[in-house]
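Engineer: Dropping a structure here in structure tokens format, bear with me for questions.
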Amino acid sequence: FIRHPSDIPIAHKHSDAVEYTKEKLKNIGHGGLCFNSKESIKAGTIISLQIHIREPAFEANGVVTWCNKVDDHYEIGVTFNDEHTEFGIRMVEQICYIEHYKREVLKNEGRILSGKDAALEWVKKNAADFPK
């Protein structure tokens, strides 16, 4: 998993839930992700996820592979088993990097970048290092 800012919103629901529960994404990487949750979710549970980093939100179903209690919350590990979803997760991963880059440029340089400009700069600086 690759660490990202913890302010990226993620929503999840179990198969029997009516509404999504909003949480914060912790890590995302090839084939899976981790998010913080107020509640424990049993390994093997199939959950629906929405990552609201851009509209429309990225949506996928995943399988909880682990759940660890950390202080006052749980860290939930989710994997994805189909190629289409894994590709989508890679795109979300890159968007996370670009959004983080936009915030860092604003904070450190005072420049406000559009999504397109941030993507172009980020790709130019980092694409060679991004896992293939």
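Engineer: What's the ranking of 10-21, 94-105 by average number of surrounding C-beta atoms within 10 Å, highest first? Could the numbers behind the result be given before it?
Structural biologist: Working: 10-21: 13.5, 94-105: 17.8.
Per-residue mean Cβ counts within 10 Å order the peptides as 94-105, 10-21.
Engineer: Let me ask you something else. What are the residues whose amide H is under 5 Å from the amide H of THR65, where those residues sit 5 or more places off or on another chain and H is modelled from the backbone?
Structural biologist: GLY44, GLY77, VAL78, THR79
Engineer: Here's another thing I want to ask about it. Step through the table entries LYS24/LYS125; LYS26/LYS116; LYS26/LYS107; LYS42/LYS116; LYS38/LYS124, compare each Cα-Cα distance with 32 Å, and write down the pairs that go over it. Walk me through the numbers before you get to the answer.
Structural biologist: On the way: LYS24/LYS125 27 Å; LYS26/LYS116 25 Å; LYS26/LYS107 21 Å; LYS42/LYS116 40 Å; LYS38/LYS124 38 Å.
From LYS24/LYS125; LYS26/LYS116; LYS26/LYS107; LYS42/LYS116; LYS38/LYS124, over 32 Å: LYS42/LYS116; LYS38/LYS124.
Engineer: Now a separate question. Between LYS69 and LYS124, what length in nm is gained on full extension when 0.36 nm per residue of separation is reduced by their alpha carbon distance? It would help to have the intermediate numbers written out before the result.
Structural biologist: Values: separation 55, 0.36 × 55 = 19.80 nm, distance 3.92 nm.
The span from LYS69 to LYS124 would gain 15.9 nm if fully extended.
Engineer: A follow-up question, please. Considering Cα pairs under 8 angstrom that are at least six residues apart, work out the relative contact order of the chain and quote it in whole percent.
Structural biologist: Worked out over the chain, it gives 19 percent.
Engineer: Still on this model: Computed over the Cα atoms of the chain, what is the ratio Rg over Rh, Rh following Kirkwood?
Structural biologist: Using Cα coordinates only, the ratio equals 0.99.
Engineer: Right, next: Once both axes come from the Cα atoms, what is the angle between helix 115-126 and the longest principal axis of the chain, in degrees from 0 to 90, rounded to 10?
Structural biologist: Taking the Cα atoms of the chain, the angle to 115-126 is about 80 degrees.
Engineer: Still on this structure: If we count other beta carbons within 10 Å of each Cβ, what is the order of SER48, SER37, fewest first? It would help to have the intermediate numbers written out before the result.
Structural biologist: Details: SER48 15, SER37 19.
The most exposed by this proxy come first: SER48, SER37.
Engineer: If all Cα-Cα distances of segment 2-79 are sorted into 10 Å bins from 0 onward, what percent lands in each bin, rounded to whole numbers?
Structural biologist: 20, 60, 20, 0
Engineer: Give me PHE58, PHE80, PHE35 sorted ascending by neighbouring Cβ count inside 10 Å, so fewest comes first. If you can, show how the numbers build up before the last one.
Structural biologist: Values: PHE58 17, PHE80 20, PHE35 25.
The order, fewest Cβ neighbours first, is PHE58, PHE80, PHE35.
Engineer: Follow-up question, since we're still on this one. By how many nm would the segment from LYS13 to GLU59 grow when fully extended, if each residue of separation counts as 0.36 nm and the alpha-carbon distance is taken off?
Structural biologist: Working: separation 46, 0.36 × 46 = 16.56 nm, distance 1.14 nm.
Here the answer is 15.4 nm.
Engineer: Also, I was wondering about something else. So how much slack lies between ASN36 and ASN81, counting 0.36 nm per residue of separation and subtracting their Cα-Cα distance, in nm? Kindly include the intermediate steps, with their values, before the conclusion.
Structural biologist: On the way: separation 45, 0.36 × 45 = 16.20 nm, distance 2.11 nm.
Stretched fully, the ASN36-ASN81 segment lengthens by 14.1 nm.
Engineer: Next question. Where the eigenvalues come from the Cα gyration tensor of segment 83-129, what are the semi-axes √(5λ) of the equivalent ellipsoid, largest first, in whole Å? Spell out each step's value before the answer.
Structural biologist: Details: eigenvalues 101, 23, 14 Å².
The three semi-axes for segment 83-129 are 22, 11, 8 Å.
None of the figures in this text is laboratory data; all of them are computed from the coordinates on show. Model, not experiment: these values are computed from the prediction. FYI the Cβ positions are ideal-geometry reconstructions off the backbone, even for glycines, and counts take in every protein chain you see.
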